[in-house]
Amino acid sequence: MPGLMSRLSLIFKAKFSKALDRAENPNETLDYSYEAQLRQLQNVKRGIADVTTAKKRLELQYSSMQQQVDKLDGQARQALAANREDLAREALTRKAAVQQQLGGIMQQGQQLEAQQQKLIEGEKTLQAKVEAFRSQKEVIKAQYSAAEAQVRIGEAASGIGEEMADVGLAIQRAKDKTDQMQARANAIDELTATGALEDFTSSGDDIDRQLAAISQSGQVDDELAKMKSQLEGGAAPKELEGEETK
Amino acid sequence: MIVRLLGEGQFRVDDSLLAQLNELDDKVEQAVEAGDERALWDALQALADVVRANGEKLADEDLAPSDAVIPPEDLSLEEARELLQDEGFIPDVPAEQTS
């Protein structure tokens, strides 16, 4: 069995040789290749722009999630001040779930940032190669016999094809990543859209199970305890004692 | 020989490194067979490190095709399996997807 590295290189070569079979004489091949490269370069630019747009959209979504976290925190405080520990617990449970998801998305976002940077560099390399191909094709046309030209074109075109496929793959992976992040972000949106203090005991879907797990983890208890002690430090406890029976 | 690190570019490395690269390449395949993503990443990282440390980056204008292609260091097991089975992992060149 051939190694992964050489097999990969063969796959890349096969991907681009198809395009070269279409033209019959070297000069046609050269012009055809160059035109195809320019079109592909445009598609690469478009692909990178799509990834950038998707990423920006996600960033907007994070900030609204961050606001949601703050809001849930506020609701928990209100609930506790009103002596509704059950509601406060629900709000904090939800807050913890959103925070956990947010953390995951942020981490993916950082990876995406790095990928995006590489995409931009890849586009630059590709642009330089297409430019080099343009000047080389004139040299090949002028200096080489048909047979020699065919060989040189084949090499140059497969070098570019490889670069093209590399950037294409990077775009594909970045797109997949934004899709994944989008799906997670949407799940959080659903989680928070229902409102913290309503409809909490619905069927046991994935989010509910996560919420239950977090609740058990003690994070919620800790926060409840913290909030309580903060409240007890203020003037509230005395008033509450005085009104115990309402 | 010329080696491409996917997503990063091409490097010219001395042929004397071939044995070392092949050994690490085997580790990549073993990790995929064992379904061990951690080991896969370690092997891919090691491969890339060898190339980066010993290779000379090719100029952007160089049109030479690569003799070997090394997948990205964060390749998932799923992607690696696709890669070993068929050509599904590598998308068609962009112009062939849409007009």
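Bear in mind these aren't lab numbers, they're just calculated from the coordinates by the rules spelled out. Just so you know, these numbers come straight off a predicted model, no measurement behind them. Cβ sites come from the backbone with ideal geometry, for glycine too, and all protein chains shown count toward neighbours.
Structure above, values below:
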read-out: Net length gained if the chain between B:Glu82 and B:Gln20 were fully extended (0.36 nm per residue, minus Cα distance); value: 19.8 nm
read-out: Amide H contacts of B:Asp60 (H built 1.01 Å from N, under 5 Å, at least 5 apart or other chain); value: none
read-out: Binned Cα-Cα distance frequencies in the stretch A:49-158 - 5 Å width, integer %; value: 2, 10, 13, 10, 9, 7, 7, 7, 6, 5, 5, 4, 4, 3, 3, 2, 1, 1, 0
read-out: Cα-based convex hull volume of the stretch A:89-133 per residue, rounded to whole Å³; value: 42
read-out: Residues A:Val167, B:Val32, A:Val139, sorted so that the one with the fewest Cβ neighbours within 10 Å comes first; value: A:Val139, B:Val32, A:Val167
read-out: Calculated FRET efficiency for the pair A:Ile120/B:Asp49, C-beta based, R₀ 30 Å, to 0.05; value: 0.80
read-out: Sorted by Cβ neighbour density within 10 Å, fewest at the top, the residues A:Arg184, B:Arg4; value: A:Arg184, B:Arg4
read-out: At R0 = 45 Å, FRET efficiency that the Cβ-Cβ distance of A:Arg84 and A:Lys175 yields, to 0.05; value: 0.50
read-out: Cut-off under 5 Å, modelled amide H: who pairs with B:Val69 long-range; value: A:Ser6, A:Leu8, A:Ser9, B:Arg4
read-out: Per-residue Cβ neighbour rank within 10 angstrom, fewest leading, A:Ile140, A:Ile11, A:Ile153; value: A:Ile11, A:Ile140, A:Ile153
read-out: Net +/- balance of residues flanking A:Ala142 in space, Cβ distance below 15 Å, scoring K and R +1, D and E -1; value: +1
read-out: 25 °C / 0.890 mPa s Stokes-Einstein diffusion coefficient of the stretch B:21-63, Kirkwood radius on C-alpha pairs, µm²/s; value: 216
read-out: Spin-label model distance (nm) - A:Val139 vs A:Ala187, 7 Å beyond Cα toward Cβ; value: 5.4
read-out: Entries of A:Lys55/A:Lys124; A:Lys56/A:Lys175; A:Lys56/A:Lys129; A:Lys118/B:Lys27; A:Lys55/A:Lys177 with Cα pairs more than 18 Å apart; value: A:Lys55/A:Lys124; A:Lys56/A:Lys129; A:Lys118/B:Lys27
read-out: Chain B, Rg to Rh (Cα coordinates; Rh as Kirkwood inverse mean 1/r); value: 0.99
read-out: DSSP loop GluC sites (Glu not before Pro) with at most 16 other Cβ within 10 Å excluded, longest remaining stretch of chain B; value: B:1-60
